[in-house]
Each structure stands twice: as C-alpha cells, then as structure tokens.
Amino acid sequence: MKAIRTTVHTASFVTLTALLCLAGACDDPIDAPGPTEQPPGWQDEVALATVDDVNPAPDIIEFDLTASVENLELTPGTTTPAWTYNGTLPGPLIRGKVGDRLIVHFTNNLPEPTTVHWHGLRLPNAMDGVPHITQPPIEPGGSFTYDFILRDAGAYWYHPHVNSAAQVGYGLYGAVIVDDPNEPEFGDELILVLSDIGLTDSGALLPPDTGGEFGDLFGREGNVILVNGRVNPLITVQPGLRQRWRVLNMARSRYYTIGFDGQTFTRIGNDGGLADAPVEVEMPVLIPGERADLIITPTGRRGSVTQVQWIPTERGYGSLFNRVPEDLFRIEFADEAASINDELPTVERDIDPIDTTGATEVDVEFTIDDEGPDGLEMGINHVPYAEVVPFEARIGETQVWKLINDTDFAHPFHLHGYFFQVIDDNGVPVLPLAWRDTIDVPVGHTIRIAIDFDERPGTWMFHCHILDHAALGMMAVVNVTE
Ligand SMILES: [Cu+2]
C-alpha cells in the first residue's frame, strides 16, 4: 500500500456577535455563545473499560486479556451470564497510535475453545486468530500471545472466530482505536459500540439456534439492543458543540441505521481510517463488522432529551416486515446556550486508486442452496466452508473481486488481513474512495472491489459477517503465496 498523505487546514472563525461581545459591546448575555466544553461526565454512562498496559515503553501496549463467563446486569433487575473479555461487555477498549506494538496475553476461561480475531487490522497471518488455519483453537484453560504492530489509523475490533455466532452473540467483542498523531481535532470524541443480545425476560441467554432455519436465513438479531453494553443509555451534550462519533457495529447479524431526528452527519471515514472526501448523510448505515467515523453537531432545546433510534434496514426478504424503530441511546442537551464551533478542519486524505490494469478477475458469489444432507447450505460459489477450495493470489498481485448476490438476503462481505477499495456497484462507480474491509452486498447487486495483496503471505479468510450465515458455510479462504 502506498503512503497516505493527510493535508489539513484548520481555520477558526468567530461570529460578529461574539466579536462584539469580546469588544465589550454585547449587552445581551442570553445571546452569548455557550460553553466550549461538554458537560462534566457527559459520557459516563457509556464509558468503556480500558486495558491495563503493563509495559513502560511508550510504543508498546502489553496487557492480559481473559475471556470468561460473568454475571452482568444488562437489563434492569436481571442477571445475564454474559461471555466477556476481562469481565466487561463490551471488552476493554484497546487504544494505540500508528506504529505501536500490541502484545496481548490471552487466556481462555470459557467452557469451550476460542480464538481472538482482530477485525480489519493488517497483521501477520499467524496473528489473525482463525482456528485450524492460523492457529489451533485455544482450549479452555489455554493461552496464546498475540503480538503485532498497529499499522493503520482507524477503528477496528476484536472477537472470537470459533463458534462465532454464539460467542459474539453472547458478548465477546471489543474496540481497537488506532490514532494518527497528525490528525486534527475534529470534535469531542464518543466511541459507540453497537451490538445486541438475545435474552429471556429473566436475563438468561437465548440458545444460539433460536428460530431454527428462519434464524439461520435471516440471521439472528438479539432482542436487546446495547450501546457500549448498556440499554438506551443517556449522554449529556453541550448543544451546538461538535462531536466525532466513532461507531462500530459488533452485532452478530443486525444492521444499524442511525436515526437522529433533524440532524445531519458528516461521514469522514469508514473501516480503515478517513475517506478521501467527507459525505453528508442523514441516517448512517452500519452493516455487521463495519465502522463509521461521523461528525455531528447536536442541536436541540436546552434541557431537553432526544431519542437516537435504530431504524429498520432493508436487507432482503421480509427484513422490514413488522419492524419499527427501536431505542438506541438518549441525548440530553445541557441547559446552556448553544456553542459556536470553530470551522471543521478540512478532511483531505489522498488515497491513490488501486491500478486494476491487467488485474485478475475473480467471481465471489454468495450462495444459498437447499441441497445437502442438512437442508440449508450456504456457501461461496456453491461451496460450503466444510468443503472449501482455496482461492489463490500471489504477493504483489492486484485482483478484482466480483461480489455477486443473487440470493434473497443481503450479505456483508468481510475480507481478513487486507483492505480493499470498492470500484463499482452494479456498474455505478462508488465514491468517496476509502479503505474498506467490510462492505454490504445487497440483494441483486454485484459489487466489484480491488485488492492489492501486499507482502503478507498466508491463508486469509473471507466470509459473510452475518455470523449465522458464516456458521452455515458462507466462508472461504484465499492462499496468498510468494
Ligand atoms: Cu450472509
């Protein structure tokens, strides 16, 4: 991958009113701009646990990570035996800067084998956490050390790759944020881990095969939506003061469309950091595994509370039937006059389009067949994962993959270990240019992506990130060789 240059122009401006006030000519304090900081404790309800870095070196983050079942109160008055990293749901936030080394001493205290996959991170194949491919499953009581460099700024996440639909569904996931020290301050940061969990009224975990074949086909959405592990939490904001939301979808199957009445977002980035241009969007969509980097200036009546909503997303046959918006989280506006922001720093990330001249074209079709001894069989090109025939790529080769979906359900495609660029969607060019590792392939769509297979050989997985589809075989691998 070529070096990425980021150019930033920051300009401040002060309104005429404020200037007059500064000059002492302001006699109406009601019109004075509000505070320039968020209220104290504004995001305490969604605070994420962090890791305990035991390494004194400034560019090494070293810590213990333990998966175990812990009793948590996820819905009021109930106890859920959640599957957790370091006892919390979501697991602790891991945060570093580009170039830092991550050393994770992982221990499995779960009742079954697991691994840790680092979603979106360009790491060596041996660190990718895929059982039987990059490492043996880590048995109960076993341990494994993950050790790699954080190469690219962006928002990533970690989760198991063994029995993933169940283990992720039970709560095993956490965020990894990699900072670019040269990036400007876009606004007050809020990290939002979106997920869901299937619970009974008393808080017990629903079985991972709830809903039978329908659950398999639609992908199982938990009946309780969580934001940073909390049900409909409250965030208190200073009206009119700009924020940067780093949103990560860690649900096993649920798509999230974010509805924030009357507000508009500026989407500045996706999976692998900033896009090459910002986009205005009213209701951002995040498919399973995807991340969004959003700028928003919440405006509302001082002292009022607004509900941010999950909006049903069209993702194929029957996916909108009987669905209504659900609560995501609440925003309370502080009882203060609206703030005045500095101008938003210009987002100008130069991303060179991958040169696809002479690139190998590869068909990757999502398939659902009702053949086979077990009834429903999902696969890639009609081949279920149990019978996988590896795709092939050479180091330094550029390939164009045609992601084809003629099934009745949308499929979120995810490639391990490499970013890709989206070329077109049913022949229509897709902009802005961005580094992606997860992309929705809606019903009836063919999406072409360009992949540069860089210097990291190995067997890399790609699959549908509706984890119930992956479990039924909608996964494959690509052998990247010298
Ligand atoms: Cu799928």
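Some observations on this one:
- The phi torsions of the range 184-189, fed into the Karplus equation with coefficients 6.51, -1.76 and 1.60 and a -60° offset, translate into couplings of x, 7, 8, x, 5, 7 Hz, rounded to whole numbers, with Gly and Pro shown as x.
- Over the range 188-348, Cα pairs under 8 Å with separation of 6+ residues give a relative contact order of 27 percent.
- FRET efficiency, 1/(1 + (r/R0)^6) with R0 22 Å, evaluated for E455 and H105 via beta carbons: 0.25
- Accessible-area rank, largest first, for I439, I268: I439, I268, with all protein chains present and a 1.4 angstrom probe.
- Solvent-accessible surface of the chain, taken per residue with a 1.4 Å probe and all protein chains present: 40 Å².
- Enclosed volume per residue, in Å³, of the convex hull spanned by Cα atoms of the chain: 155
- Dividing the convex hull volume of the alpha carbon atoms of the range 363-482 by its residue count gives 91 Å³ per residue.
- Inter-part distance where the range 399-424 and the range 337-384 are each reduced to a Cα centre, Å: 4
- Extended-chain gain in nm, criterion 0.36 nm per residue less alpha-carbon gap, D44 and E73: 8.7 nm
- Over the residues of the chain, the helix contribution to mean residue ellipticity at 222 nm works out to -1000 deg cm²/dmol, using -39500 (n - 2.57) for each DSSP H run of at least 4.
- Relative contact order for the range 381-482, counting Cα pairs under 8 Å that sit 6 or more residues apart, in percent: 41
- As a calculated quantity, the FRET efficiency between N232 and D369 at R0 = 45 Å, using C-beta atoms, amounts to about 0.65.
- For the chain, carbon and sulfur atoms together expose 52% of the accessible surface, with a 1.4 angstrom probe and every protein chain in place.
- Packing order of peptides 215-227, 464-476, highest average first: 464-476, 215-227 (average count of other Cβ atoms within 10 Å over each peptide's residues).
- Computed about the Cα centre, the dipole magnitude for the range 382-478 is approximately 100 debye when only Lys and Arg (+1) and Asp and Glu (-1) carry charge, each at its Cβ.
- Of all DSSP beta bridges in the chain, antiparallel share, percent nearest 5: 70
- Of all DSSP-defined beta bridges confined to the range 44-179, some 60% are antiparallel rather than parallel.
- Projecting label points 7 angstrom from Cα along Cα→Cβ for R301 and D327 puts them 2.0 nm apart.
- Charge tally in the Cβ shell below 14 Å around N426, where Lys, Arg are +1 and Asp, Glu are -1, N426 excluded: -2
- Global form of the range 44-179, assessed from the alpha-carbon gyration tensor, a/c cut-off 1.5: oblate
- If R0 is 22 Å, the Cβ-Cβ spacing of T145 and T481 corresponds to a FRET efficiency of close to 0.25.
The values are calculated or read from the model by the stated rules, or taken from the named source; none is laboratory data. Model, not experiment: these values are computed from the prediction. FYI the Cβ positions are ideal-geometry reconstructions off the backbone, even for glycines, and counts take in every protein chain you see. SASA here: full protein model, heavy atoms, side chains in, ligands and nucleic acids out. Shrake-Rupley method; radii C 1.70, N 1.55, O 1.52, S 1.80 Å.
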